[in-house]
1. Give me P(r) over the chain, computed from all C-alpha to C-alpha distances, binned every 20 Å, as integer percentages.
2. So if R0 is 41 Å, what FRET efficiency would residue 81 and residue 178 give, r being the distance between their Cβ atoms, rounded to the nearest 0.05?
3. Please find the FRET efficiency linking residue 287 to residue 61, where r is the Cβ-Cβ separation and R0 is fixed at 41 Å, and quote it to the nearest 0.05.
4. In angstroms, what radius of gyration and Dmax does segment 46-110 have, counting Cα atoms only?
5. Between the helical axis of 3-24 and the dominant principal axis of the chain, each derived from Cα atoms, what acute angle in degrees is found, rounded to the nearest 10?
6. Using only DSSP helix segments of four residues or longer, with each worth -39500 (n - 2.57), what per-residue ellipticity at 222 nm results for the chain after dividing by its residue count and rounding to 500?
7. Rounded to the nearest 5, what % of the DSSP beta bridges within the chain are antiparallel ones?
8. So for segment 129-307: antiparallel DSSP bridges make up what percent, rounded to the nearest 5?
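Where a number appears in this text, it was derived from the coordinates with a stated rule and is not lab data. This one's a predicted model, so the numbers in the text were calculated from it and none came from an experiment. Cβ placement follows ideal geometry from the backbone for every residue including glycine, while neighbour counts extend to all protein chains displayed.
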């Protein structure tokens, strides 16, 4: 037997396995450390798909995300500034083309519009974050396959709109599906701004087909799941803006010729800490969606005129 030949073959096989492993491995980058800011890390050609950006202790600015990376907080990292939204409010992270599959985790947020996509970005994961007193915490316009799970949303604010924990919706005439909003807690007070326009409700979680002001709305919002969340919210000025735990709204209201919000599952949520628990526009949406096994579940209907869409920036 030629043992030398076997040894060479074995060594080549081992080298091949090591090479394949190195090709498939992802790098960790630290902010601060490797980069001064999160935006600098994202912009760097050295940071590639599937890499992790580890955000250290202290206060940081958010960023415009254009790559499929994981941004993970460590040691109590806080995002308290970031890109400007078209409304003039401050964003945390804004997802643009190229960021499909990105992850945001283990961060504390203290900004207005925390997480929002400005394009139809898919398969984003938002998990184990804390959102404090946001106008809108997580806003997914036109994205499929988002996993929004195990987050804490504490208090919300209004600005003639907003006051939203999680929004999944469309205004560009597309289809939005397979999003999961699960195991989140949304608690505390809805703080209504002085002089607020009123005539709407804040929302813990909302599915929203927006046809207002000539928008194309949605072709369908279907096969999304809102499950096992706890929502306990109270408005500090309910006579101006009250709050609903879970909302499904087609802004065409009772005049809608056919439902575009259908085949969604809303179940096993604990809504008992919110006086108005399920809000449907139009009323018949409960016939085409599976809304069951929630704790609480009283019903109402109304339009939520949030004005904080994707914006221009």
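1. 34, 51, 12, 4, 0
2. 0.80
3. 0.35
4. 11.7, 33
5. For helix 3-24, the angle is close to 30 degrees.
6. The helix-only estimate for the chain comes to -3000 deg cm²/dmol at 222 nm.
7. If I count the DSSP bridges inside the chain, around 0 percent turn out antiparallel.
8. Antiparallel: roughly 0 percent of the beta bridges in segment 129-307.
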